1. Hey, among 62, 54, which residue is of a type in the set (Val, Ile, Thr) and modelled with pLDDT under 95?
2. Consider the range 22-66. How many of its residues are among the polar types (S, T, N, Q) and in a helix (DSSP H, G or I)?
3. Here are the criteria: (1) free of Cβ contacts under 8 Å to residues at least 40 places away in the same chain; (2) in contact with a helix residue (DSSP H, G or I) (Cβ under 9 Å, 6 or more places away or on another chain); (3) among the β-branched types (Val, Ile, Thr); (4) farther than 18 Å from residue 4 by Cβ. Tell me which single one residue 44 does not satisfy.
Amino acid sequence: MMELKKLSEKWKSPFVAREKLEEFSGGLLKAHTMRNLDSQGIGIKGRIKIGKKVIYPTDEVVAWIEAKITDK
């Protein structure tokens with residue numbers, strides 16, 4: 001399996017804003033997609049909402065991506 005921990009090691013914050021997911025993941029994740037997945041209850045764990053802003057712990061973002069990787 002790919003080692004994606006380096007994503008969180010390079011990120012300057014322990015959190016990733018939903019609007020920065022595309023930058024964090026190199027274009028793999030889009031904010032609107034995660035918004036939809038969150039509304040379905042299948043998004044990234046540990047989501048924190050402050051007003052209208054949403055952030056995710058970087059380790060949870062990486063774990064979520066790793067869980068979605070397939071070898072197909």
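The values are calculated or read from the model by the stated rules, or taken from the named source; none is laboratory data. This structure is a prediction, so every number in the text was calculated from the model and none was measured. Glycine also receives a Cβ, built like all others from the backbone with ideal geometry; neighbour counts cover every protein chain displayed.
1. Details: 54 fails: modelled with pLDDT under 95.
Sole residue among the options that is of a type in the set (Val, Ile, Thr) and modelled with pLDDT under 95: 62.
2. Number of matching residues: 4.
3. (4)
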